[in-house]
Every structure is written in structure tokens, then in C-alpha cells.
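Working notes, beginning with the structure itself.
The values are calculated or read from the model by the stated rules, or taken from the named source; none is laboratory data. A quick note: this is a predicted structure, and the numbers were derived from the prediction, not measured. Because the Cβ atoms are built from the backbone with ideal geometry, glycine has one as well, and the counts that use them run over all protein chains shown. The accessibility values were calculated without ligands, DNA or RNA, using every heavy atom of the protein model including side chains. Shrake-Rupley method; radii C 1.70, N 1.55, O 1.52, S 1.80 Å.
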Amino acid sequence: MTSQSTQESRSDHQDDLDQRLASLSVQVSPSSEPCSLTTEIARDLISAFMPQQSSRSRSLATLSLARFSSPPFHTEDVSLVFEPLMRVNLSDSLPSNLVGALSCLVAIYSVNPSQAHEILSSDAMLQLCLQAPSDCQGTHQEKVPVRLELANLLSSAANHTPSRSLLASSTDTLDWLDHVVHGKQHTDTIEDVVLAGTACVARIKLRRSKDSSSMTGITDTESVQAISKQSMAKAKVKGNVTGAATQLMLEEETLAYGLFRRMLIDYKVHSDRGESEEQRNGLLTALEGLAYISISSSIKEALSKDMVLIKKVCSLASTPKRKPVFPTKPSEGVPTAASVYQVDPTLPQDIDFFRYDTALQFGIASIIRNVTAYKPTLSAEEKQIEKLRAMANAQASAKGTGDAVVGDDLESDDAVSERCSRLLDGDVVPTLVSIALASPPTSGPQALSSSGNVNPSTEVRNAVGASLLSLVTKQDKVKRGKVVQQGGVKALLALSVPIISQLQDSAKEEAKDTAGPTLFGSHGVQASLDLSSLQALSKLCITADPTIIFGSVRNSLAAAKPLSALFLSEESSRLQTFEAALALTNLSSLGPSAASAVANSSLEPSSKVNDHCSGSGIPSLRDVLETRIMLEDHAMLRRAYVELLCNLIQDEKTFLNWSGDSDRERDGKIASSDNGTEAVCQTGKATNKIHLLVALCAPAGVQKEASGGKAEKSEEGIQEASLATRLASSGALATLTSSPTACELFLNLKPRTINIISRIISPGTPFKDKALKGSGRWSDQAQIRELESDEDPEKFIQSTRTNSDDSDEEEVDEDAEADAERADLASYPDGAEVARASLAIRGMTIASNLVQYLDWVRSNPPTPGGGDDSAMKGPAATFEASGMVEAIRKAAVEGVNRMRSQDKTSSPDPRVSQMMGNVVRMGLESLKILGGLGIDLHV
């Protein structure tokens, strides 16, 4: 037979196999009746993986294997049918039969690892696989494909926990891998390098004691399980068998790093256009190997300094990934980047031939994630365990019976930050952005439906999000600015879309199972949900002006949804919630429209935003924030919540909720129907909010005492400076007291509580509770308490009157409060004078609003026959007893004297001069009004 006739015969055989496989793919499609996996079908599937077959045949065979490995087919038939056929092929000596069996088993591992394990663990099957290279007839070059497929099989099997245990317990397997990696019989051809690299990846997987099915979470401190005879012999020569595991792993990682680097740079296992299947496998092997060894501290450091390799890896993300399986369809005009393929009409219409190479993308993103990863934050208990472990390791290392801890210095925050800086200089951010936005094409007959321009792989998205989070973790404006400049924000917004969708689905399901809103608004989210992308976006929005990041106020509102999702999610850690609150505070500072967008945000899937709790039971951020402020006892979180509230008060509904105006509207509707019971309850809730904000205006150490609690201290026993909380809460009150309702509720508080504001205006101002004696004035918020559902409103009111008459209050420790005040002012970055002026102008604004309210009450009595002064006497007595009049007078007089005596040659801070000038102005205006009200100003 001539050479031409032989080629024609092979072509005819190829066409026949392709037709049978195409027909089979139709039979196993979801829309067809399920067929049985027969011996003839299995034989065709194995034949499709032989070297002489096309990529199209292998693709169709893999698709059919995937369908046979899922319902409604009997998945257990896979091992029963394929095992005897593979045993026959592996007993043969022809390279094509050996490659077909080994490659087919690799494909089964990719779609049905449990059935693949059943085949590999069957009687003597592993031994047959290991003997295949030696049984193969042919030259060295003819044996290389067999050895390569065996290495691929071992690497794939090592991803499956039972199979990995099987291989790790096989000394023959470990010896064969060592022989391939260290053997001198091979040449330096690309095939031999790829073979050695694949075997090296398999060895690394087998020597990990934990599950290697995912590269996430593997650490370089894990113990070693599998050691070959050759490695143990080396360890005995060195005289330290027990400590050999770690040293052998370090040597192996160094060898592997050099090997994978050669594959990517020296041998160029990839090409710029349409690489072959062998080249692509070599490329993925090199990336997978680098991803595995890049969890080692020494490899992280070496890789971050190897800019040639980093740039080579990053360049792969922008290279066309796969050679078309089908020829391009001829078309007129200039061809576009998105090719349209001529698809066989016999194939099922749901086959996705346009998928992006997510395996390559995952490899690149995993390498960057591992190199930039910071050590996880440990709890107090975990830190103690780490200390005990370090002590045990140190003692064992001193005795020569344990492994020394290697690379601790390379895992410090400073070392990781340096690595992040190097990678930023290596332009990894554009690579991450390209991967994040690599959504499937939307044109062509088989186009995928896409909800947005974002990568379809969850694993790839998580790896990119974690990488970007590490790059912006350090509070460095230069680093974060580079991420923004290179498109990081666009990628983070795209990555947030599927996360928000998952959170919304979970919130919707939870709302169906609960009678009312929950505290956090989100429950039942999968534990695997990764919020790194949302956290990275929040970090960027904390340190930079949102209008600079997004270009305008309108564009900045795009960040409201992802940041609110991080804030509302119950899956968020305390740190993530804190950072989300800070970012939302910055965003809501852009104006009322931004504040409303943030306040109305929720995990409601629809675009409709409802007041308070929506009909679906999903609360808005406005409602969740209110609950958290009332219940939170962590100082830093409470500070962030109050600062956010201070900006959200620009939103009308938030203002109504906190000023009591919305409660007053409800009171008018319900007071006549149920004897005012609910009205009293609603009023109590509104007053509680005002009371809490006033209490938070006190210095650290007296805040909780003002609300009936104990002072909070940090873990070191030092009371945390509360100036930021005081500024935020007093700023919120300054805005809220522009409402008459809020002023009325404010003046219903005890004089001792209102005296906190007096001391903000003028420190050390005392209160005079005795001024209320005989005035008939009572303080219904002596204690923060709500009306119980079964309690009589009259008895409730009487009890509050009784409590208010008890004037045996604890005396203020003036020295302690003065020390706390000085500590607060000293903590302000712009100086104590600016801090003092900032507090004073907020306190004076509150006082000015209250004075104007008293004047308004006198001018607008609630009852026509009540007289001009009757309605004002009670609030005015409380105002005077709180020391507010004295504080206003002292601040005004001291301010005037200061301006008069100020040295003309000095140059005071203009901010202080402006604020204190406003304090004096408002103080003088308030004193004038108070004099007109008949209040004695000579206190």
C-alpha cells in the first residue's frame, strides 16, 4: 500500500470516528432519551484520545464522558465498562493504545473523579499504568508521549483525595516520578522538559498532607507524607531522617521553580497564535506548578523579584488561547476579533465552543494571589496556639528531632508589602483586570447569555478579587492610586455583580422564612462566598475622593450597591463591616443624592426601595444602621456607624426617623384608636435615639456612664480616644435639632444628660438639677426604656415621673473627665485647638437650635388659652438646669475676650479663628433671645 493510500485510509477512519462521536453527542444530549454506555461506545471514546486523532475528536469524546457521568445516566457504569477495555490497552505494547487508555483515564478524572479512582484502584491497574512506558515498543521519542500521559494521569489523580492517598502509599509511583525528574537519560528537548515539569507537579501534590484539589489554603508549613526511596536515602546520608521532610521539600521547590521557568521563558511552551494541544498542556503544567510552589515563602520572594518571569506570565492573559476546533466560516468584509465557527449541524445546540480558557486564567490569577497574600488575621485563641506551636518546634529543632520553621520573616506584613510593590511595578493590575472582564463572547450562533462583562468562573473571580485586595491592603495612597489608574475599580465593580446577586438571593430566601426583618438583613449565604472584591473596593473608597475614583458624583453612586452589600452581609467580618461603613461614609459625603442612594440600599433583588422594611421583609441600610447603633458595643464599629449616620442625615427619611418627625406623624394617626399606647412607645423609641447620641458626645470613660453603663477599655486597659465619635454624634445632633420635634425630645432628657452638650461648649460647666424643683417638670427619659406591650400607658408615665424626681445622682468626677477631655483633644491629628473649636461649634449649634425652639414655643403655644409662657416654662427650666445658659455665656465672653487680646503679630490657625468666630456670633444671638424669654443670664 502506498503512502498516499495509507493517508487516505487514516483520513477515512478519522471521518468515520468523528461521525460516530458527533452522533453519540446528540444521543447523550439532555433533550434526547438516555442511551446505555456500551463496550462499543467506550472503545470509540478511548480511540478518540489516541495520538493520531484530532482535537475535535477529543473534545467530542470529553463531552460525551461528561454526559455519561451525570444523571440520568448510571454513573457507576463508567468504571464497569471502561476498566476491562483499559486493562487490555495497557497490556499492549503499541504507543497509540497506551496513550489512548492513559489519556482517556485523565479525561474521566476531569469529569468523574470517583469513577476514575475506581478504575485506577482496581486490581493491578496502577501497576499496569506504571509499566506502560517500559512495555512500550519504540524509540525514546516514541516513548515520550506514553510517559507524558502517565505523568498527566498521576498529576490528575493527585487532585482527588482517595487517589492521592493511593499514589502516596505506592513507593513505585514515587520512585518513577523521582526518576523522571532527576533522570539523566532524557535530552533537553521541549518534550522532555514538559515531561519533567508534569512529573514535578505530581510529586509536589503527593507530598502535601492536606487536600490539594484546590490550591487555596495550602501552606508551606504542612508536613510531608510521601517520600521515595531515593529521597530517603539522601536524607540518611545527611544524618537527619526526621527533619528531612522540610529540607527535601525546599530543594524540590527550588528545582521545580527553575524547571517551570525554563518551560515558560527558555523553551517557550506557548506560541502567540493557535498553539498545539501539546504546547497548551505544557503551558498549563508550568502555570499549575508555579501556582503550587508559590505558596512557599522562599518561592514567593524569588518570584516577586523575577520581573522577566512575572511579565511573561502576565503576557499570557492577553494572548489568544485556543486554536479553533472548527474552521472559520467565510464571511465578507474585514474579519472581527470574535470568530464565527462553522458548527456541525448534527451536534447539539447547547455545546459551548466559545468558552474562554479559564484554566489558564486561574493559573495566572492563583500565582499572583499566592505571591501577594498576607498572613490571615488570627484571633486571640489562634495566636496562643501559634505561640505554643512555635515553642514546640523550637524545642524539637534544638534536639534535632523536628523541622525548623522556615520563612517566617518572609511572611511578615512588611515583606508581603514589598512583594506587592514589586508586582505593581510589574503591571500585574492590567492582567488581573483583563482576566476579571474576560466574559464569553456574545456573538455567533452559539453565543452564551451573559449578565455582564465579567469572568464566568467563580474560582477565577475569587482569585482575582483576593489578589486585588492584597495589593490595596496597605494604607498607601501611592499603591492604591496605581490600582485605580490601571483599571482596578472597573474590575472590582464587575466582580461585585455576581456576589451581590448571591447575597440578594440569600436575603430573599431568608425573608420568606422570617416574620420580620433581621438585624443584619442577610442569612443563609454559602460559607464559601468570597467578599474580597467588595472589601478591596471599600479600601479604595476610604482613602480617595470617590469623585476622583469614578469621575463624578453620578458615577460614584455605582459603588453604593457593592459597598452596602458588604455592610449588610452577615458573612462580613467585623473588619469588613467597619471598612464598608467608612467607605459608605466617604461616599455619602458627596451630597443628599449620594446619601439617599446609600440609605435606600438594601439586599432587595428588585430596584424598588421601600420605606422602613420592604414588603419582602428585607430592611434597608437605613434601618439596619439604626439597629446597629443602638446595640453595638465595640468602640471602633460604633464610631464608624455614627460617622455614617452623620452623613446619612442629609437623606430626608433618615432625618425624619432620627428626629422623631416620622414617629410624630404616626402618633397622630394612632393616638385616638388605641388610647395612645403605641404613640407613647414610638415617642420612647425616638427619645432613645436622641439620648444615645447625646451620651456619645461625652469623652471616653463617661459615655457609657451617661447611658447607665460602664466605661469601655481596650484590651491593653487604656480607654480609647472617642473624639471621632463625639464629633460625629454632636454633628448629627446639630442637624437633627433643626427639627422642633427633636428639640422637644431633647429637652425631655434629664438635665444631667443635657449637661454633656453644655460641657462640649464650655468644659467643666456644672448642671443644676434643683432648678427643676417645684416647676412640675419631669424627665421621662431618666432611663432608656420602652413601653412594654402589656403595660398601662398611665402607669408607664407615672413610673417615669417617679424616676425623674429622684435626684440622688452620682457626682461628676471633674478630674477624670478633664483627663479624658485632654486625651480626646490630643488624639486629633490637626491639633488640640482645632479639635476644641470643632466640638464647640457643634455644641453651640445645638444650643442655638434649642434656644430658637424655646422662642418658637412661646410664640406658638399648643393651646390657645395656655398663655405665652406656660408651654415654655418646663423646657426652659430643663434648659437652664442643664447648665446650657452658663455654657453659652462663658463661651461667648471668652471668645470675645480672646479676639480682643489676640496678638496682632501671631498667626492663629484660620480654621480655629473662623469656627470660634461663629461660636461667639451664635452665642451672642442666643443670649439675646434668652434675655427676651426672661431667663436670668447672670448665672
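Below is a table of values for the structure above.
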| quantity | calculated |
| --- | --- |
| Three-way shape label, the stretch 53-143, alpha-carbon gyration tensor, a/c 1.5 | oblate |
| Solvent-accessible surface (1.4 angstrom probe) belonging to GLU632, in square angstrom, nearest 10 | 40 Å² |
| Solvent-accessible ranking of HIS691, HIS182, largest area first, probe 1.4 Å | HIS182, HIS691 |
| Distance violations [Cα-Cα > 28 Å] among LYS205/LYS482; LYS477/LYS561; LYS311/LYS482; LYS653/LYS873 | LYS205/LYS482; LYS653/LYS873 |
| Average accessible area per residue (Å²) across the stretch 37-117 - probe 1.4 Å, nucleic acids and ligands excluded | 36 Å² |
| Extension reserve of the ALA826-ASP175 stretch, reckoned as 0.36 nm per residue once the Cα distance is removed | 227.6 nm |
| Exposure of TRP856 as accessible area (Å², to 10), given a probe of 1.4 Å and all protein chains | 120 Å² |
| Cross-link table LYS305/LYS387; LYS383/LYS479; LYS143/LYS312; LYS375/LYS539, entries beyond 27 Å C-alpha to C-alpha | LYS305/LYS387; LYS383/LYS479; LYS143/LYS312 |
| Accessible area (Å², 1.4 Å probe, nearest 10) - GLU288 | 50 Å² |
| Label-point separation in nm, ARG554 to LYS387, each point 7 Å along Cα→Cβ | 5.7 nm |
| Cα gyration tensor, the stretch 563-605 - rounded (a/c under 1.5), prolate or oblate | oblate |
| Nitroxide proxy distance, nm - points 7 Å out along Cα→Cβ at SER439 and ASP409 | 4.8 nm |
| Rough spin-label spacing in nm, given labels placed 7 Å along Cα→Cβ, for ASN453 and GLN52 | 4.8 nm |
